[in-house]
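Sending over a structure as structure tokens; questions will come in a sec.
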Amino acid sequence: MIGIAIMLILFGKTIFDLLFPQAISQKMSLLTTIFLTIYCMAMASAIIFVFSRIIALYIRSIGT
């Protein structure tokens, strides 16, 4: 449970860093933006995968 919470916190921080960079006066490089976007997509897919596994396990445990 702690690992999932940490993953959600890091996902939120990454989205915040991508949308609201700390150095407003400086433009983010294209490479940084691309890597952050890919990282966000990977994190989002991992979160969806983990929650789908949790829901599937819960549904299977109801039947037993």
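Filter region 1-24 for residues that are part of a helix (DSSP H, G or I) and of a type in the set (Val, Ile, Thr); which is surrounded by the fewest Cβ atoms within 10 Å (Cβ to Cβ)?
Applying the filter and picking the extreme gives 2.
Residues of region 2-24 being of a type in the set (D, E, K, R) and modelled with pLDDT under 85, which ones?
Residue satisfying the conditions is 17 alone.
Let me ask something additional. When you scan region 39-62, do you find a residue that is at pLDDT below 85 and not basic (Lys, Arg), even just one?
For region 39-62, residues at pLDDT below 85 and not basic (Lys, Arg): absent.
Quick test of your reading of the structure: residue 56 fulfils all but one of (1) part of a helix (DSSP H, G or I); (2) surrounded by 12 or more Cβ atoms within 10 Å (Cβ to Cβ). Name the failing condition by number.
Just one mismatch for residue 56, condition (2).
Right, next: Working only within region 25-34, note down all residues that are part of a helix (DSSP H, G or I) and either surrounded by fewer than 12 Cβ atoms within 10 Å (Cβ to Cβ) or at pLDDT 90 or above (or both).
Of everything in region 25-34, those that are part of a helix (DSSP H, G or I) and either surrounded by fewer than 12 Cβ atoms within 10 Å (Cβ to Cβ) or at pLDDT 90 or above (or both) turn out to be 30, 31, 34.
The values are calculated or read from the model by the stated rules, or taken from the named source; none is laboratory data. All of these numbers come straight from a predicted model, not from anything done at the bench. Glycine also receives a Cβ, built like all others from the backbone with ideal geometry; neighbour counts cover every protein chain displayed.
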